[in-house]
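K.L.:
Let me begin by handing over the structure; questions about it come next.
The values are calculated or read from the model by the stated rules, or taken from the named source; none is laboratory data. Given the structure is predicted, the values throughout are model-derived calculations rather than measurements. Note that we place each Cβ from the backbone using ideal geometry, even for glycine, and neighbour counts take in every protein chain shown. To get the accessible areas, we keep the full protein, side chains included, count just its heavy atoms, and leave off ligands, DNA and RNA. Shrake-Rupley method; radii C 1.70, N 1.55, O 1.52, S 1.80 Å.
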Amino acid sequence: MAIKKGNAPKSFPAELELVGGGESIKLKLTYHNRKPSELENWLKDLEGSSAPFMPSMVVYLVKDMEADYSLSLEGIMEMEDERPGICDAIIAGFHQTRRTKLQGN
């Protein structure tokens, strides 16, 4: 299959295996397929804002997730408060899952 310009998926699913705080969980979510240029513009817009950075970025990157927390700034902040480091894991999962890799050869 040829790579066609403008044909990248608009979103992509992921299942993150998370360990910490005495638990091991799997978080199923769907990410928006944000381009690096979109992230850069979002960061510029966020500059000077009082919104918490990591939870805001999770809300920007995640389209949907299977969790009892709402996909809102308040919900993500509550999730981070209960499970410290989960925002960092979700953001790292975005970059890892979105990254193109060589398979086979």
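K.L.:
Quick one: what pairs do we get from segment 1-18, first residue closer than 20 Å to Y60 by Cα, second at pLDDT 90 or above and in a loop (DSSP other than H, G, I, E, B), C-beta under 8 Å, 6+ apart or different chains?
P.N.:
A8/N33; P9/N33; K10/N33; S11/N33; F12/N33
K.L.:
Grab the helices (runs of 4 or more DSSP H) fully contained in segment 23-99, keeping just those with 1 or more residues being open to solvent by 60 Å² or more (accessible area, probe 1.4 Å) and polar (S, T, N, Q).
P.N.:
36-46, 86-98
K.L.:
Output the qualifying pairs, or none if there are none: Cβ atoms under 6 angstrom, residues six or more apart or on different chains, first residue in segment 42-64 and farther than 14 Å from I90 by Cβ, second residue open to solvent by 30 Å² or more (accessible area, probe 1.4 Å).
P.N.:
W42/Y60
K.L.:
Please go through segment 19-31 and give me each residue that is under 19 Å from K63 (Cβ atoms), of a type in the set (A, V, I, L, M) and either in contact with a His (Cβ under 7 Å, 6 or more places away or on another chain) or without any contact (Cβ under 8 Å) to a residue 60 or more places away in the chain (or both), ordered by number.
P.N.:
Once the filter is applied, which keeps residues that are under 19 Å from K63 (Cβ atoms), of a type in the set (A, V, I, L, M) and either in contact with a His (Cβ under 7 Å, 6 or more places away or on another chain) or without any contact (Cβ under 8 Å) to a residue 60 or more places away in the chain (or both), segment 19-31 yields nothing.
K.L.:
Only residues that are outside any strand (DSSP E or B) and open to solvent by less than 70 Å² (accessible area, probe 1.4 Å): list them for segment 7-22, please.
P.N.:
Result: A8, single match.
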